[in-house]
Amino acid sequence: MSWTPPEPTWPEDAVEVGRVTGPWGIKGWIKVQPYAGDPQALFSSRRWFLQPPERLPAAAATAFPPLLKITAAREHGDGVVASAQEVPDRNAAEALKGARVFVSRASFPTAEEGEYYWVDLIGLDVVNREGVALGTVTDLLATGPHSVLRIKPKEVPAGMTELEAERLIPFVAAYIDQVDLVQKRITVDWGADY
C-alpha cells in the first residue's frame, strides 16, 4: 500500500495576488506578474496556492498542482521570479502559464500604522461625519498619486442607475477621518449629496 499525501487545505482567507506569465530560464523557475505594486505578499509566504486560468478546459485544469512550495523568490524587472519544489524544469514551468496565484491573507506582512491592504477595505461600510450611511466599498482604483474608494449605496435612489449612484472618494487624509477594521467601518468627510 503506498502513501498518498493529503490534498493541501485551501486557506479560508486566500487572496489572489498574481498570475504566472510563463517560465523563466531553463531550471523550472516561473515568472509571476504581481497585482500589487509592492509584491511583498508573494515574498511573505512560501506556500502559493494555484488555480487554473478561468477559461481553461476542465481536463487541462487537473494538471495544475494546487500548491507550490516556494524555495526562492525575488523581484525581476516588473515581476517576480520564483522556484518551487513541484516545478522541476522549464516544461513544468511552461505548463503553469496563466495560473492564478493565491496566498493566505494571514501571511501578508503587517501593515504600518495608517496603511491598509486594499483587500481589507473592500466590504467596509462607509459613513460620513453626520452618521449618514454612504454605502459599501466595492473596489479601489489606482489613480497614480492616490487610491480612490469605489462605494456602492445599499439602495439605488429612484431614477438613477447603479453606476450613477456610485460614489468615488479619494483615499487621502483630507477625506478619510477613520478606518476601523474591527467595526468594519470607514468614516469620511463627505456630504451625502456629493
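In table form, for the structure just shown:
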read-out: Residues Asp89 and Tyr117, FRET efficiency given R0 of 35 Å [Cβ-Cβ distance, rounded to 0.05]; value: 0.50
read-out: Cross-link partners of Lys31 among lysines (Cα-Cα below 28 Å; sequence separation of 8 or more within a chain); value: Lys69, Lys97
read-out: Segment 118-188 shape via C-alpha gyration tensor axes, a/c threshold 1.5; value: oblate
read-out: Vicinal HN-Hα couplings computed from phi for segment 12-25 (Karplus, 6.51 cos²θ - 1.76 cosθ + 1.60; Hz; Gly/Pro x); value: 5, 9, 5, 10, 6, 10, x, 9, 6, 9, x, x, 9, x
read-out: Relative contact order (%) - criterion: Cα under 8 Å, at least six apart; region: the chain; value: 19 percent
read-out: Debye-sum result for segment 14-107 in log10 I(q)/I(0), which assumes one identical scatterer on each alpha carbon, at q = 0.20, 0.24 Å⁻¹; value: -0.89, -1.30
read-out: Placed amide H near Ala84: partners under 5 Å, 5+ positions off or other chain; value: Thr71
read-out: Descending semi-axes in Å of the chain, equivalent ellipsoid built from Cα gyration tensor; value: 39, 18, 16
read-out: Hits among lysines - C-alpha to C-alpha of Lys154 under 16 Å, sequence gap 8 or more where chains match; value: Lys184
read-out: Computed E for Asp180/Ala72 - FRET, C-beta separation, R0 35 angstrom, nearest 0.05; value: 0.35
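Coordinate-derived values only; no laboratory data. If you're wondering where the values come from, they're calculated on a predicted model, not measured in any experiment. As a convention, Cβ positions derive from the backbone with ideal geometry for all residues, glycine included, and neighbour counts pool all protein chains shown.
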